[in-house]
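Data first, discussion second: the structure below is written as structure tokens.
The values are calculated or read from the model by the stated rules, or taken from the named source; none is laboratory data. Every value quoted in this text rests on a predicted model; they were computed, and no experiment measured them. Reconstructed Cβ throughout: ideal geometry from the backbone, glycine too, with neighbour counts over all protein chains shown.
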Amino acid sequence: MVKDTEKHTPGSLVFFGSGETSPSGRKVFDYLFRKLPPNPKIALLETPAGFELNSAQVIGRVAEFIQHRLQNYSPQISIVPARKRGTQFSPDDPQIIAPLLDADLIFMGPGSPTYTVRQLQDSLAWQTIMARQRLGATLVLASAASIAFSVFALPVYEIYKVGEDLHWKKGLDFFGPYGFPLVFIPHWNNTDGGDELDTSRCFMGQSRFSQLMEMLPPDLTVMGIDEKTALILEPDESTAQVIGLGGVTLIHTGHEHELELDIEADLEGTSLDHVASRRQGHIHQYSNGDRFALAECCPMIIPPPGEGLPPQVWQKALDAKKQLRNEPVVSPSQQVLDLLAERQQARVDKDWSRSDILRQQIAELGWQVKDTPQGPQLDLLGK
């Protein structure tokens, strides 16, 4: 792969508890759009609702909201219909997911968390999303997408609608490369059930959610996001903030923290304090307008450029970024790549003489080969 020496700043990460197309949601998008380039390119990913017959209409409502409510920014909107693997709308199809490569903002929203994980896990779309965020694109996640980005995804429909036993599913674990395991729970303060049924904690209710917490491994953080509220993570500023009508509740687990409340009387309780105590954890709560250091909630470690991503995906994302900045894209020709692959095979065969000849041929074409523990890298000669 081509050596990448440029410093890259990851883009903002936004998690909605709900209400992405409400007046409070518009305030969040206003905040984000002010930071984007003029006439920003917006990619709306259809995947979370891809199993629904009206998935185009579901994401279309988001497109209509952005087009009409944020028209002053003249957004350029593209729908990415990456609905299902193995179909003409596959998230592995380069043409289908092409708008992700040059998007300033990528949005994913309503649908099924577990379906989202199944369709995106290790897909070309997922790898491209990770690459683009590391290179500065803003990611906006709502409801199902927020859950799917977790290290463990809450199977909401399976438990709440179908009646399956309490359990977790493996999530996409977006923050794994950042060294921080996170679980997102939108609809944290939901009250759809009224006085008869507790539907808080994303329709699980406090009692069931307490049991679900006990099933999680230690040393992770649960982020509960109220409805019509967004948590915005700014890696470039090392800050986070809350915008909306509600708040955000963070439950750290796996390390003790002094609690102000006396909870010894009822360690079987289902309140957040009881749950945190049993899991050697503590709680942070933030309200609308609160701004705090990422180190307080999510001490992220920015991964090295391209780490954990296929080299060809990272290179495509780099080229797209240069095109966005009107910079010339200088990539090795297919001839150079073929010679590099041939040289790598010669090294596997321990044909060192052949390897040296191929290195010289590559140099004559303007590229220098550097062997690293991660594999061979190409540097453009003269730079």
> Which of the residues that make up the range 186-211 are touching an Asp or Glu at 6+ places or on another chain (Cβ under 8 Å) and closer than 16 Å to Val248 by Cβ?
Replying inline: Pro186, His187, Trp188, Asn189, Asn190
> On the given criteria, is Thr87 of a type in the set (S, T, N, Q) and in contact (Cβ under 8 Å) with a residue 40 or more places away in the chain?
Replying inline: no
> Name the residues in the range 5-35 that are outside the structural domain of Thr229 (by TED's automatic domain parsing) and of a type in the set (Lys, Arg), would you?
Replying inline: Lys7
> Only one residue in Ile106, Ile79 is buried (at least 20 other Cβ atoms within 10 Å of the Cβ) and on the phi < 0 side of the Ramachandran plot, so which one is that?
Replying inline: Ile106
>> Can you report the number of residues in the range 158-180 which are assigned to a loop (DSSP other than H, G, I, E, B) and either touching a residue at least 12 places away in the same chain (Cβ under 8 Å) or touching an Asp or Glu at 6+ places or on another chain (Cβ under 7 Å) (or both)?
In response: 14
> Can you find even one residue in the range 176-185 that is modelled with pLDDT of 95 or more and over 14 Å from His252 (Cα atoms)?
Replying inline: no
> In the range 87-102, how many are out of contact with any Ser or Thr (no Cβ under 7 Å at 6 or more places or on another chain) and buried (at least 24 other Cβ atoms within 10 Å of the Cβ)?
Replying inline: 0
>> Given the condition β-branched (Val, Ile, Thr), at pLDDT below 95, in a helix (DSSP H, G or I) and within 21 Å of the chain's Cα centre (by Cα), answer yes or no: does some residue in the range 17-31 qualify?
In response: no
> In the range 132-149, which residues are closer than 24 Å to Thr9 by Cβ, polar (S, T, N, Q) and surrounded by 21 or more Cβ atoms within 10 Å (Cβ to Cβ)?
Replying inline: Thr138, Ser146
> Would it be correct to say that Leu337 is under 32 Å from the mean Cα position of the chain (by Cα) and part of a helix (DSSP H, G or I)?
Replying inline: yes
> Within the set of pairs 6+ apart or on separate chains, which have a first residue in the range 36-55 that is assigned by TED's automatic domain parsing to the domain that holds Gln119 and under 17 Å from Asp92 (Cβ atoms), a second that is aliphatic (A, V, I, L, M) and assigned to a loop (DSSP other than H, G, I, E, B), and C-beta atoms under 6 Å apart?
Replying inline: Ala43/Ala103; Thr47/Ala82
> Which helices (runs of 4 or more DSSP H) sit wholly inside the range 36-142 and have at least 1 residues that are among the β-branched types (Val, Ile, Thr), more than 18 Å from the chain's Cα centre (by Cα) and over 23 Å from Gln312 (Cα atoms)?
Replying inline: 55-69
> Cβ-Cβ below 6 Å, separation at least six or inter-chain, first residue in the range 116-133 and over 17 Å from Phe89 (Cβ atoms), second assigned to a helix (DSSP H, G or I) and at pLDDT below 95: which pairs?
Replying inline: Gln127/Val313; Ala131/Val313; Ala131/Trp314; Ala131/Ala317; Arg132/Ala317
> In the range 42-58, what count of residues is obtained for those that are buried (at least 20 other Cβ atoms within 10 Å of the Cβ) and either at pLDDT below 95 or more than 21 Å from Ser146 (Cβ to Cβ) (or both)?
Replying inline: 1
> If we scan the range 259-274, do we find a residue that is in contact with a strand residue (DSSP E or B) (Cβ under 9 Å, 6 or more places away or on another chain), modelled with pLDDT under 75, surrounded by 12 or more Cβ atoms within 10 Å (Cβ to Cβ) and of a type outside the set (Asp, Glu)?
Replying inline: yes
>> I need the full set of residues from the range 301-325 which are without any contact (Cβ under 8 Å) to a residue 60 or more places away in the chain and within 24 Å of Glu237 (Cα to Cα), in order please.
In response: Pro304, Lys322, Arg325
